[in-house]
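First comes the structure, then the notes that go with it.
The values are calculated or read from the model by the stated rules, or taken from the named source; none is laboratory data. These numbers were taken from a predicted model, which means no experiment stands behind them. Every residue, glycine among them, receives a Cβ derived from its backbone with ideal geometry; neighbour counts consider all protein chains shown.
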Amino acid sequence: MLISMHYVYLLRLDHSKYYTGQTSDIVARLMKHKKGDVKSTSGYANMELIWYAAFEDKDRALEFEKYLKSGSGKSFRNKHLIELLKKNSV
């Protein structure tokens with residue numbers, strides 16, 4: 001049985017800005033970002049996938065994406081995802 005996965009992901013954009021998104025096809029979605037086909041990121045020349053999580057349940061992925069876009073979710077993102085990635089990349 002093939003399980004359909006749903007991804008929540010984080011892109012680092014120019015000037016230390018971040019974009020949070022959700023998709024069921026992360027490779028295709030990243031290609032759309034890179035080609036400028038996503039309105040929210042089309043104005044950014046540089047972007048890098050820095051984190052993603054896979055969910056079996058689409059509703060859970062959507063809930064987590066919504067959380068990461070909230071005020072407390074952005075604080076969680078900055079403290080537990082971005083800072084952790086910075087520490088691990090040194």
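Filtering the range 30-50 to residues that are over 23 Å from Asn78 (Cα atoms) and assigned to a helix (DSSP H, G or I) leaves Met31, Lys32, Lys34, Lys35. Mind checking whether some residue in the range 38-61 is out of contact with any helix residue (DSSP H, G or I) (no Cβ under 7 Å at 6 or more places or on another chain), among the basic types (Lys, Arg) and farther than 30 Å from Leu2 by Cβ? Looking through the range 38-61, at least one residue is out of contact with any helix residue (DSSP H, G or I) (no Cβ under 7 Å at 6 or more places or on another chain), among the basic types (Lys, Arg) and farther than 30 Å from Leu2 by Cβ. For Asp25, state whether it is more than 14 Å from the chain's Cα centre (by Cα) and modelled with pLDDT of 95 or more. Spelling it out, it is not the case that Asp25 is more than 14 Å from the chain's Cα centre (by Cα) and modelled with pLDDT of 95 or more. What are the pairs, 6+ residues apart or on separate chains, where a residue within the range 62-83 that is under 19 Å from Thr23 (Cβ atoms) has its Cβ under 7 Å from a residue that is among the β-branched types (Val, Ile, Thr) and not in a helix (DSSP H, G or I)? Filtered contacts from the range 62-83: Phe64/Val8; Glu65/Val8; Glu65/Thr20; Leu68/Val8; Leu68/Thr20; Lys69/Thr20.
Inspect the range 49-56 for any residue being touching a residue at least 24 places away in the same chain (Cβ under 8 Å), exposed (fewer than 11 other Cβ atoms within 10 Å of the Cβ) and out of contact with any Cys (no Cβ under 8 Å at 6 or more places or on another chain) and give the result as yes or no. Yes - at least one qualifying residue is present in the range 49-56.
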